[in-house]
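So the structure is just underneath, and the comments pick up after that.
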2 protein chains.
Amino acid sequence: MLKALLFDVQGTATDFHSTVCDEARRISAGRDAGVDWPDVVRRWRAGYFAALKIASAKAPETAPSPGSWVSVHSIYRDVLDTVLADAGFTGLTAAERDDLALAWQRLRPWPDVVAGLTRLRRTYVLATLSNADVSAVINISKRAGLPWDAIFTAEMAGVFKPDPAAYRMAATYLGLPPGDIMMVASHKYDLRAAARLGFRTAFVARPLEFGADGVADVAYEDEFDVNACDFVDLADQLVG
Amino acid sequence: MLKALLFDVQGTATDFHSTVCDEARRISAGRDAGVDWPDVVRRWRAGYFAALKIASAKAPETAPSPGSWVSVHSIYRDVLDTVLADAGFTGLTAAERDDLALAWQRLRPWPDVVAGLTRLRRTYVLATLSNADVSAVINISKRAGLPWDAIFTAEMAGVFKPDPAAYRMAATYLGLPPGDIMMVASHKYDLRAAARLGFRTAFVARPLEFGADGVADVAYEDEFDVNACDFVDLADQLVG
C-alpha cells in the first residue's frame, strides 16, 4: 500500500530556470547588456549535470564519510565561472558570483506545489530525494514553505541519483519497502532508476523547466504508475 | 550568530513516560491487575539505554552502511520481553507486545512544544537530533504536528549520541559551524557532548520525564547557554 512519496526538488518541485534567470538579472543590475541569461542558465545546469557524472564516476565503493562529500553548491559555483567565461561575460565580481551561485538555494516552487503537497501530506509521508545539498533543500523549503515530513538528499547516501544506493537509503530511513513508496519527478532517468528497484513512479510534466525556449521531455509514458500535469493533478489522482 | 536549533526528541520534546504507560494500559485492557506500569516503563527505558551503550561499544570504526544499523525499534522490542518477564507479567501476546513497542513511535509532545517550536521556527532552522530511528521521528512528528525543517537522527550518522560523530553529522548537513547551532535537551550528557564540540546549549527541565514518582535532574546549570522550563520559555529567551 502506498505510504510515502519521494520528490525530486530541482526542476520537479521548483522552477530553477526562472528563479536563477531573475537572480542573475537582479545581481548584474543593468550591467548585463547582451547576455542571454536563459541560455547561460541552461548551460550552467548542463555543466552541473556533467560535473555530477564525473563526481559519481569517482565515488568510492565504500560508504561515505560526511567530510569527504563534494557539495553541490561548490559544483554550481565552479561551473558558473566556466559558463560566464564561455559567454564572454566578465561583469560580475567574485562576491556577486558567490551570491548568484546561492540562487540555487532560493529556488521558487512551481505555483501548484504548496497546494498539492498540502493535500498529499494528509494521507502520505512526504520527503525529498534530491541531489542538492541538505542545507540547500532546507533553505529552499523553509523559504517556500514546502511541507515535507523529512528531507533526504544524495549527500546522506554519499552518491547521487540515479545511483541505486540513493533510493535505497530513502527506503531504509522511511522504514518501508520500495513498493510502498512512490518517486515523483519530472525527469525520466530518475523515475526509471527508482522503478528498477521496485518503487512506484509518478511523472510530472514541467514544460517550462528550461524556460520558454528550452526543450523539456513532457511526454506521458505508460511505464509510469501516474502521469500528472502538476502536483494538484497528482493529488487529484492519488487522494481524489 | 545562532542560526539553527537541534532538538532531542525522546524526553525533551515528547512525554514518553505518560504516553507509553497509557498505551500499555490500553493494550492490556484490564488484564494488567497488579502491574506497576510506571515502574515497568522506567525499567524499559533504562534497559534501552543499556542496550544503546552496548551497541555503541560494538560500533565499527568505519562509516556505517544503511543495512548494518540495528534499529532502535528492535532494541525497544527486545528489551520489552525482558522487562515484562522480570515483572512477572505474561498477559500480553506477541502481537500486543509488537504494538506496545510501537508506542515509542506515537509519543505525545509536552504541551508547550508545538507553541514553542512554531515561534522559534520563524527565526531559526529547527531540526531533530535524536537517537530514535528516522522512521520513528517521522511518525512522532507527523502525528503530533511538530514543525521541523529537517529530521536528523543517529541512524544517519551510524553512531548514537553522545558520540561526537552524531553532532558533527548534523552540523555538516546544516552547512553551519557548531557555534551557529544550539543543542536543546533535557539530558545533560547530551548537552555536554555538544558543548565539547563548540555547539551552544539549552537545557530544558522536564521534571515529569520519568513520571510523578520518577527522579529527573532538573537543576539549572551555569555551564549551559540557556536554561528553560519549557519550549515557550526557550522561545521567550531566544526570540523574545
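Quick note: the coordinates plus some simple rules give every number you see, no bench work behind them. Being a predicted model, the structure only gives us computed values, none of them experimental. Every residue, glycine as well, gets a Cβ built from its backbone with ideal geometry; the counts of neighbours run over all protein chains shown.
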inquiry  = Testing A:GLY88 on (1) in contact (Cβ under 8 Å) with a residue 24 or more places away in the chain; (2) outside any strand (DSSP E or B), one condition comes back false. Which one is that?
reply    = (1)
ask   = List the pairs whose first member sits in the stretch A:209-222 and is small (Gly, Ala, Ser), whose second member is assigned to a loop (DSSP other than H, G, I, E, B), and whose Cβ atoms are under 7 Å apart, counting only residues at least 6 apart or on separate chains?
value = A:ALA216/A:ARG206; A:ALA216/A:PRO207; A:ALA216/A:GLU209; A:ALA216/A:PHE210
Residue under evaluation A:ARG26, criteria (1) surrounded by 14 or more Cβ atoms within 10 Å (Cβ to Cβ); (2) in a helix (DSSP H, G or I), criterion not met = (1)
task = Might you let me know whether the stretch B:49-59 holds any residue that is under 15 Å from the mean Cα position of the chain (by Cα), of a type in the set (Val, Ile, Thr) and either surrounded by 14 or more Cβ atoms within 10 Å (Cβ to Cβ) or part of a helix (DSSP H, G or I) (or both)?
result = no
query = Out of all the residues in the stretch A:117-136, is one or more surrounded by 18 or more Cβ atoms within 10 Å (Cβ to Cβ), facing another protein chain (nearest Cβ under 8 Å), more than 14 Å from the chain's Cα centre (by Cα) and acidic (Asp, Glu)?
reply = no
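Have a look at A:VAL134, A:VAL125, A:VAL159 and point out the one that is over 24 Å from A:LEU208 (Cβ atoms), of a type in the set (A, V, I, L, M, F, W, C) and without any contact (Cβ under 8 Å) to a residue 24 or more places away in the chain.
Only one candidate qualifies: A:VAL134.
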Restricting the stretch A:166-207 to residues that are among the basic types (Lys, Arg) and in contact (Cβ under 8 Å) with a residue 60 or more places away in the chain, the residue that is farthest from A:GLN10 (Cα to Cα) = A:ARG200
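Residue-wise test of (1) within 14 Å of chain B (Cβ to nearest Cβ); (2) in contact with a Cys (Cβ under 6 Å, 6 or more places away or on another chain); (3) surrounded by fewer than 23 Cβ atoms within 10 Å (Cβ to Cβ).
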{"residue": "A:GLU155", "(1), (2), (3)": "yes, no, no"}
{"residue": "A:PRO162", "(1), (2), (3)": "no, no, yes"}
{"residue": "A:ALA170", "(1), (2), (3)": "yes, no, no"}
{"residue": "A:ALA193", "(1), (2), (3)": "no, no, yes"}
{"residue": "A:CYS229", "(1), (2), (3)": "no, no, yes"}
{"residue": "A:LEU234", "(1), (2), (3)": "no, no, no"}
Index of the failed condition, B:THR19 passing every other in (1) free of Cβ contacts under 8 Å to residues at least 40 places away in the same chain; (2) closer than 30 Å to B:THR123 by Cβ = (1)
note = A:VAL113 meets each of (1) in contact with a helix residue (DSSP H, G or I) (Cβ under 7 Å, 6 or more places away or on another chain); (2) crowded, with 22+ Cβ neighbours inside 10 Å; (3) within 13 Å of another protein chain (Cβ to nearest Cβ); (4) β-branched (Val, Ile, Thr) with one exception, condition (3)
ask   = Just checking, how many residues over the stretch A:67-85 are outside any helix (DSSP H, G or I) and among the β-branched types (Val, Ile, Thr)?
value = 1
ask   = Only one of (1) among the aliphatic types (A, V, I, L, M); (2) in a loop (DSSP other than H, G, I, E, B); (3) within 12 Å of another protein chain (Cβ to nearest Cβ); (4) more than 17 Å from the chain's Cα centre (by Cα) fails for B:ALA212. Which number is that?
value = (3)
